[in-house]
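Q: Let me begin by handing over the structure; questions about it come next.
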Amino acid sequence: MDIEQFRKEGYKAIDAICEYYAGLEQRPVVAQVEPGYLSKLVPNEVPEKGEPFPSIAADFQRLILPGITSWQHPSFFAYFPSNATFEGMLADLYASSVTNPGFNWACSPACTELESVVMDWAAKMLGLDEAFLVQSGVGGGVIQTSASDSALVAIVAARSAFLHAHPNVSPSDLLIYGTSQTHSLGAKAALILGLNFKALEVYPTYQYGLRGSTLQKAILEDRQKGKHPFVLIATLGTTSTGAIDCMPEIGPIAKEAGLWMHVDAAWAGITLSCPEYREKAYLKDINLHADSFCTNFHKWGLTNFDLSALWVRSRTKLTDALDVTPAFLRTKQSDAGMVIDYRNWQLSLGRKFRSIKLWFVLRSYGVEGLRAHIRKSVALATHFADFVQESSIFELCTPQSFALAVFRLAPKDVETPLTQDQLNGLNRTLFHKIAARSDITITQTDVLGMFCLRLAVGAQRTEERHIRRAWEIISTAGVEVWADYQAGKPVPVENGTH
């Protein structure tokens, strides 16, 4: 493809993307294909001769789009939002046009320097302590692919610092702390690093957040067993329920015990851009006690995947753990300590030019635009939660957490109260009924044995009418499931059917 062909096909591609978004609401939310559909539609081998590009582009429309679940659909309420904006798309295009491996400053100075700038912009916007700024010369921010990678990098740094301070400790005795509600990234990091992960219990009395007494007890008990807890993954907005660990209690305990505290705020961290949510999110305590903090701008932050923002209080602890610089990677700028080489702030050597996406988005929306998006999402989730609370057959399972509502079918005023197994069976039936639809998607969760449904708001194009429609679909399905149950139709329960 030459320059003029690229120009022509590029115009067509932009037009096709615009058409996709213009008709997004009329598309199915969930891909309507069966496993293995694509292998039946494409050749088994690479073509011997090159094909005309218009044919390739046409196959994207014909073969690929039908297999795409539309995460930006206004009726996508599953998992958490995965925003994509036109600014981010154009940034990706520009970044691809100057692609380079980015392993050091010399690869392309603008890539490194823009990342330092926008990470400081974002830190200031979120209200993070000055120690987390690149310009502090002490800590700083780096863009990772996901919150899982951010946590893994933080744990590697924590392990290195702990073993350096305690050289006689065997790595096999090290413990990573999280909770029973912590994202699986904690257990996966332990698996990758050959360490042990311990899930501390949390309870509904504190909305499933970790309490200081639980952490203190675990530290004492594990040390008596010869184990060495060295890092705590504290969560601001758990995946399951949006729970927030009690930072004012666990922060001082972790610091006194010498634990690195990593705050995983993958979804909810963006709320810190709004001053009114900072107290609820324990910003003050995060700034006092956290050694690292992560939030994903590619979730609720209007920036295309992937862009996970990780800040560390001490860059030296990070680079001491990850700096490997053979002769062929040395540069005079790095040797003189004049620049950051971000390869030493992550696991891999090469890296993408992601910062341009955040730069485009933050400049285009501004702090006001991002705050408006967050506030709108929270208001819409509140609207849905109000519907649930006003219902005679539904209830909230946990208090609303920002833009997340966790709820279940739980008919009130029944002669004989339903057991947990019976309620779980009803809600499994309800979930499967909703999951069979193509015009809405939500997800399920298990909250200490209680089967619940989750509705997470955050797509840029979601409006109040979409929330009303979602409630209409869910409540109608709930009425039908409850009527079937009362009529004696079988409903699955935990250990079979009844």
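The values are calculated or read from the model by the stated rules, or taken from the named source; none is laboratory data. Fair warning: this is a prediction, and the values are worked out from it, not measured in the lab. Using ideal geometry, Cβ is built from the backbone for each residue, glycine included, and neighbour counts are taken over all protein chains shown.
Q: Being in a helix (DSSP H, G or I), of a type in the set (Phe, Trp, Tyr) and either surrounded by fewer than 24 Cβ atoms within 10 Å (Cβ to Cβ) or touching a strand residue (DSSP E or B) at 6+ places or on another chain (Cβ under 8 Å) (or both) is the filter here; which residues of the stretch 281-322 pass it? Before the answer, list the steps.
A: To start, the set of residues in the stretch 281-322 that are in a helix (DSSP H, G or I) comprises 283-289, 297-300, 315-322.
When the remaining residues are screened for being of a type in the set (Phe, Trp, Tyr), the result is 297, 300.
Across the stretch 281-322, the qualifying residue is only PHE297.
Q: Could you tell me whether any residue of the stretch 203-221 is farther than 30 Å from SER401 by Cα and more than 20 Å from the chain's Cα centre (by Cα)?
A: Restricting attention to the stretch 203-221, the residues satisfying the condition of being farther than 30 Å from SER401 by Cα are 220-221.
Filter once more, keeping what is more than 20 Å from the chain's Cα centre (by Cα): 220-221.
Yes; the residues of the stretch 203-221 include at least one that is farther than 30 Å from SER401 by Cα and more than 20 Å from the chain's Cα centre (by Cα).
Q: State which residue pairs qualify: first residue over 13 Å from TRP300 (Cβ atoms) and inside the stretch 360-374, second residue among the small types (Gly, Ala, Ser) in any location, beta carbons under 6 Å apart, and separation of 6 or more residues or different chains.
A: If the second residue must be among the small types (Gly, Ala, Ser), the pairs left are PHE360/ALA91.
Q: Quick check on my filter: what residues within the stretch 25-55 are of a type in the set (Ser, Thr, Tyr) and surrounded by 12 or more Cβ atoms within 10 Å (Cβ to Cβ)?
A: Within the stretch 25-55, the first condition is being of a type in the set (Ser, Thr, Tyr), and the residues that meet it are 37, 39, 55.
Selection gives TYR37 alone.
Q: Now for a separate question. Count, please, the residues in the stretch 455-469 that happen to be in a loop (DSSP other than H, G, I, E, B), out of contact with any helix residue (DSSP H, G or I) (no Cβ under 7 Å at 6 or more places or on another chain) and hydrophobic (A, V, I, L, M, F, W, C).
A: Count: 1.
Q: So, in the stretch 53-69, how many residues would count as being hydroxyl-bearing (Ser, Thr, Tyr) and more than 22 Å from PHE6 (Cβ to Cβ)?
A: Residues of the stretch 53-69 that are hydroxyl-bearing (Ser, Thr, Tyr), as a first pass: 55, 69.
After this cut, where a residue has to be more than 22 Å from PHE6 (Cβ to Cβ) as well, the list is 69.
So the answer is 1.
Q: Further, regarding this structure: Looking at THR271, THR316, THR331, which is the one that is among the polar types (S, T, N, Q) and under 18 Å from ASP245 (Cβ atoms)? Step through it out loud before you land on a result.
A: Values: THR316 fails: under 18 Å from ASP245 (Cβ atoms); THR331 fails: under 18 Å from ASP245 (Cβ atoms).
The conditions single out THR271.
Q: In this structure, does THR443 turn out to be surrounded by 17 or more Cβ atoms within 10 Å (Cβ to Cβ) and within 21 Å of TRP267 (Cβ to Cβ)? If you could, list the steps in order and put the result at the bottom.
A: On the way: surrounded by 17 or more Cβ atoms within 10 Å (Cβ to Cβ): yes; within 21 Å of TRP267 (Cβ to Cβ): yes.
It is true that THR443 is surrounded by 17 or more Cβ atoms within 10 Å (Cβ to Cβ) and within 21 Å of TRP267 (Cβ to Cβ).
Q: Restrict the check to the stretch 485-497 and report whether at least one residue is aromatic (Phe, Trp, Tyr), out of contact with any strand residue (DSSP E or B) (no Cβ under 6 Å at 6 or more places or on another chain) and modelled with pLDDT under 95. Lay out the reasoning, then the answer.
A: Within the stretch 485-497, the first condition is being aromatic (Phe, Trp, Tyr), and the residues that meet it are 485.
Still in the running and out of contact with any strand residue (DSSP E or B) (no Cβ under 6 Å at 6 or more places or on another chain): 485.
Next, only the ones that are modelled with pLDDT under 95 stay: 485.
Looking through the stretch 485-497, at least one residue is aromatic (Phe, Trp, Tyr), out of contact with any strand residue (DSSP E or B) (no Cβ under 6 Å at 6 or more places or on another chain) and modelled with pLDDT under 95.
Q: Search the stretch 214-239 for residues that are under 17 Å from ASP291 (Cβ atoms) and touching a residue at least 12 places away in the same chain (Cβ under 8 Å) and pair each with any residue that is in a helix (DSSP H, G or I) and of a type in the set (Asp, Glu) when their beta-carbon atoms are under 7 Å apart and the residues are at least 6 apart or on different chains.
A: Sorted first by the residue in the stretch 214-239, then by its partner, the pairs are HIS228/ASP173; PRO229/ASP222.
Q: If a residue must be under 25 Å from SER82 (Cβ atoms) and among the acidic types (Asp, Glu), how many such residues does the stretch 248-275 contain?
A: First, pick out the residues of the stretch 248-275 that are under 25 Å from SER82 (Cβ atoms): 262-274.
Keeping just the survivors that are among the acidic types (Asp, Glu) gives 264.
So the answer is 1.
Q: Also, I was wondering about something else. Mind checking whether some residue in the stretch 48-58 is modelled with pLDDT of 95 or more and in contact with a Phe, Trp or Tyr (Cβ under 7 Å, 6 or more places away or on another chain)?
A: Within the stretch 48-58, not a single residue is modelled with pLDDT of 95 or more and in contact with a Phe, Trp or Tyr (Cβ under 7 Å, 6 or more places away or on another chain).
Q: Looking at the stretch 41-62, which of its residues are in a helix (DSSP H, G or I) and more than 20 Å from VAL30 (Cα to Cα)?
A: Kept after step one, since they are in a helix (DSSP H, G or I), are these residues of the stretch 41-62: 53-62.
Matches in the stretch 41-62: PHE53, PRO54, SER55, ILE56, ALA57, ALA58.
Q: Also: Considering each residue of the stretch 372-392, count those that are part of a helix (DSSP H, G or I) and either modelled with pLDDT under 95 or more than 21 Å from PRO74 (Cβ to Cβ) (or both), and give that number.
A: First pass over the stretch 372-392, keeping only residues part of a helix (DSSP H, G or I): 372-390.
Still in the running and either modelled with pLDDT under 95 or more than 21 Å from PRO74 (Cβ to Cβ) (or both): 389-390.
Total satisfying the criteria: 2.
Q: Picking from GLU395, GLU472, which residue would you name as being more than 25 Å from the chain's Cα centre (by Cα), farther than 22 Å from LYS299 by Cβ, of a type outside the set (Gly, Ala, Ser) and assigned to a strand (DSSP E or B)? Reasoning before the result, please.
A: Working: GLU472 fails: assigned to a strand (DSSP E or B).
GLU395 is the lone residue from the list that is more than 25 Å from the chain's Cα centre (by Cα), farther than 22 Å from LYS299 by Cβ, of a type outside the set (Gly, Ala, Ser) and assigned to a strand (DSSP E or B).
Q: Just to be sure, is ALA265 buried (at least 24 other Cβ atoms within 10 Å of the Cβ) and more than 22 Å from the chain's Cα centre (by Cα)? Break it down stepwise before answering.
A: Details: buried (at least 24 other Cβ atoms within 10 Å of the Cβ): yes; more than 22 Å from the chain's Cα centre (by Cα): no.
Against the criterion (buried (at least 24 other Cβ atoms within 10 Å of the Cβ) and more than 22 Å from the chain's Cα centre (by Cα)), ALA265 does not qualify.
Q: Being within 21 Å of GLN460 (Cβ to Cβ), assigned to a helix (DSSP H, G or I) and without any contact (Cβ under 8 Å) to a residue 24 or more places away in the chain is true for just one of LEU93, LEU65. Which residue is that?
A: LEU93
Q: Hey, another quick one. Has the stretch 70-79 got at least one residue that is buried (at least 18 other Cβ atoms within 10 Å of the Cβ), in contact with a Lys or Arg (Cβ under 6 Å, 6 or more places away or on another chain) and over 30 Å from LYS332 (Cβ atoms)?
A: Yes, the conditions are met somewhere in the stretch 70-79.
Q: Just name the residue that is surrounded by the most Cβ atoms within 10 Å (Cβ to Cβ) out of those in the stretch 399-418 that are closer than 20 Å to ILE434 by Cβ and small (Gly, Ala, Ser).
A: If we take residues in the stretch 399-418 being closer than 20 Å to ILE434 by Cβ and small (Gly, Ala, Ser), then ALA405 is surrounded by the most Cβ atoms within 10 Å (Cβ to Cβ).
Q: Find all pairs meeting these conditions: Cβ atoms under 6 angstrom apart; at least six residues apart or on different chains; first residue within the stretch 1-29 and over 12 Å from PHE53 (Cα atoms) and at pLDDT below 95; second residue in a helix (DSSP H, G or I) and among the small types (Gly, Ala, Ser).
A: Here the result reads none, with nothing in the stretch 1-29 linked to a residue that is in a helix (DSSP H, G or I) and among the small types (Gly, Ala, Ser).
Q: Count, please, the residues in the stretch 96-126 that happen to be part of a helix (DSSP H, G or I), surrounded by 16 or more Cβ atoms within 10 Å (Cβ to Cβ), over 20 Å from the mean Cα position of the chain (by Cα) and among the small types (Gly, Ala, Ser).
A: Of the residues in the stretch 96-126, 1 are part of a helix (DSSP H, G or I), surrounded by 16 or more Cβ atoms within 10 Å (Cβ to Cβ), over 20 Å from the mean Cα position of the chain (by Cα) and among the small types (Gly, Ala, Ser).
Q: Pick out the one residue from ALA58, ALA22 that is within 22 Å of MET89 (Cα to Cα), under 33 Å from the mean Cα position of the chain (by Cα) and either surrounded by 11 or more Cβ atoms within 10 Å (Cβ to Cβ) or assigned by TED's automatic domain parsing to the domain that holds ALA456 (or both). Let's see the steps before the verdict.
A: Values: ALA22 fails: either surrounded by 11 or more Cβ atoms within 10 Å (Cβ to Cβ) or assigned by TED's automatic domain parsing to the domain that holds ALA456 (or both).
None of the other options fit; the residue is ALA58.
Q: Do the conditions hold for SER240, that is, is it over 30 Å from LEU90 (Cβ atoms), touching a strand residue (DSSP E or B) at 6+ places or on another chain (Cβ under 7 Å) and at pLDDT below 95? Spell out how you get there, then give the answer.
A: Working: over 30 Å from LEU90 (Cβ atoms): yes; touching a strand residue (DSSP E or B) at 6+ places or on another chain (Cβ under 7 Å): yes; at pLDDT below 95: yes.
Yes.
Q: Just for the stretch 241-258: of the residues that are of a type outside the set (Asp, Glu) and crowded, with 23+ Cβ neighbours inside 10 Å, which one is farthest from the chain's Cα centre (by Cα)?
A: Going through the stretch 241-258, the residues of a type outside the set (Asp, Glu) turn out to be 241-244, 246-248, 250-255, 257-258.
This time we only want the ones that are crowded, with 23+ Cβ neighbours inside 10 Å, so: 241-244, 247, 250-251, 254.
Details: THR241: 13, GLY242: 11, ALA243: 14, ILE244: 15, MET247: 20, ILE250: 22, GLY251: 22, ALA254: 24 Å.
If we take residues in the stretch 241-258 being of a type outside the set (Asp, Glu) and crowded, with 23+ Cβ neighbours inside 10 Å, then ALA254 is farthest from the chain's Cα centre (by Cα).
Q: Only one of ARG454, ARG465 is in contact (Cβ under 8 Å) with a residue 60 or more places away in the chain and not polar (S, T, N, Q); which? Can you show your working first?
A: Details: ARG465 fails: in contact (Cβ under 8 Å) with a residue 60 or more places away in the chain.
When all the criteria are applied, what remains is ARG454.
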